[in-house]
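See below for the structure under consideration.
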Amino acid sequence: MSFVISDTQKFVTTIEVVPPAGNDPASLLDKLAAISDLDFSGFSVATNPVAKPRMSAMVFCHLLHQKTGKPAILHLTVRDHNLLGLQAELWGAKALGIDTLIAVTGDPSAGRQKDGATAVNDVNVYELITLANESGLTAGAVLDFRPERNGLKNEVKRLEKKVAAGSRFIVTQPVYDEPTAKTLADACTHLPVPKLMGILPLLSFRHATFLHDKVDGIAVPDALRREMETSADPVGTGTAQAKQMLEIAKLYFSGACVMPPFERFEILKDIL
């Protein structure tokens, strides 16, 4: 299940997927099989996003490859496993043919779960990247540019440490305009690894407002929120905007990671 991301190959497009909540993947696998003939390189499988339990991302990567024939990138967090567990996951992924992962810290969980789940953080994300490389996997990293607090300078420093630890590619949080895309590309131009730009299609004005106001790391421009508010077809508007961002990504980045919200994978036919 080889998944190579490099600056020397053609533009790479991945599709981010959140595994199901529960033990039955059939419905989601069928939805993804239905779009597997579209023009994209493979999937990127999140692990327990927003600190809520989902099916094992590693297991779902394997099932997804069996169902669609396309490779999948595994997201692995330091939040959910101690050092022993992380090493076990890395060796298990390699045994299943999953050779690429994205190392992430993970959304905070302490105090947010009714069952009392807490963050482990036995190692940090830099140490996970090194451990992944030592285990024979290719590790990527996330650029969370923190627009809500003008955090790009600090986050680029963190990214430099991730690349020094062995990160072989970078994926950004969602971007919604060309000036931001160019700013991010310019800020990371000194890092000698491929960069993929995040694209999260908007479905409604409420969706755009929620992302802008409530989700750290995402900023939806005022003009775009107004456009979503007045649109007679907000899904169509959001899809068209995502398609535009994909073309912008081709100007500044080595690839893009498209993140269809709420399993709305059918919109990918228009975006891709």
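The values are calculated or read from the model by the stated rules, or taken from the named source; none is laboratory data. Computed from a prediction, not measured in an experiment: that's the story for all the values here. Here the Cβ is made from the backbone with ideal geometry for all residues, glycine too, and neighbour counts use every protein chain on show. Note: accessible area is taken over every heavy atom of the protein model, side chains too, but ligands, DNA and RNA are not part of it. Shrake-Rupley method; radii C 1.70, N 1.55, O 1.52, S 1.80 Å.
Each Lys and Arg adds +1 at its Cβ and each Asp and Glu adds -1 at its Cβ; summed about the Cα centre, the range 34-135 shows a dipole of about 340 debye.
Considering just Cα atoms, how many Å³ per residue does the convex hull of the range 140-224 enclose?
87
Of the residues THR14, PHE40, LEU101, the one whose Cα sits farthest towards the positive end of the charge dipole of the chain is LEU101 (charges of +1 on Lys and Arg Cβ, -1 on Asp and Glu Cβ, taken about the Cα centre). Peptides 193-201, 124-132, 24-32, 82-90 ranked from most to least packed give 193-201, 124-132, 82-90, 24-32, packing being the mean of other C-beta atoms within 10 angstrom over each peptide's residues.
The listed peptides 168-177, 250-259, ordered by packing as a protection proxy, come out as 168-177, 250-259 (highest mean of other Cβ atoms within 10 Å first).
Quick one: plug the Kirkwood hydrodynamic radius of the range 159-272 (C-alpha pairs) into Stokes-Einstein at 4 °C, 1.567 mPa s, and report D in µm²/s.
Answer from the Stokes-Einstein relation: 88 µm²/s.
Here the simple spin-label model places points 7 Å from the Cα toward Cβ, and for ASP186 and PHE262 these points are separated by 3.6 nm.
Rolling a 1.4 Å probe over the protein heavy atoms of the chain, with every protein chain left in place, gives an accessible area that is 51 percent carbon and sulfur.
Magnitude of the charge dipole for the chain, about its Cα centre and with charges confined to Cβ atoms of Lys, Arg (+1) and Asp, Glu (-1), is about 280 debye. Each of ILE5, ASN82, THR68 was placed along the dipole of the range 1-88 (beta-carbon charges, centred on the mean Cα), and the one lying farthest toward the positive end is ASN82. Positive-end ranking of GLY236, PHE262, TYR252 along the dipole of the range 230-271, with charges on Cβ about the Cα centre, is headed by TYR252. How large is log10 of I(q)/I(0) for the range 41-126 at q = 0.11, 0.13 Å⁻¹ when the intensity is taken from the Debye formula with one equal scatterer per alpha-carbon? Relative scattering, expressed as log10 I(q)/I(0), comes to -0.30, -0.41.
The spacing between the range 251-272 and the range 3-65, judged by their C-alpha centroids, is 12 Å. Based on protein heavy atoms only, the range 63-111 ends up with 41 Å² per residue of surface accessible to a 1.4 Å probe. Rounded to the nearest 20 debye, the dipole magnitude of the range 145-241 is 580 debye, with +1 charges on Lys and Arg beta carbons, -1 on Asp and Glu beta carbons, and the Cα centre as origin.
Counting only protein heavy atoms and a 1.4 Å probe, the range 114-249 has 48 square angstrom of accessible area per residue. Pairwise Cα distances in the chain exceed 35 Å for 11 percent of all pairs. Most tightly packed first, judged by the mean number of other beta-carbon atoms within 10 Å of their residues, the peptides 261-270, 34-43 read 34-43, 261-270.
With a Förster radius of 30 Å applied to the C-beta separation of ALA223 and ASP37, the computed FRET efficiency comes to 0.30.
Summarising the amide proton neighbourhood of VAL12: residues at separation of 5 or more, or on other chains, whose placed amide H is nearer than 5 Å comprise GLY255, ALA256.
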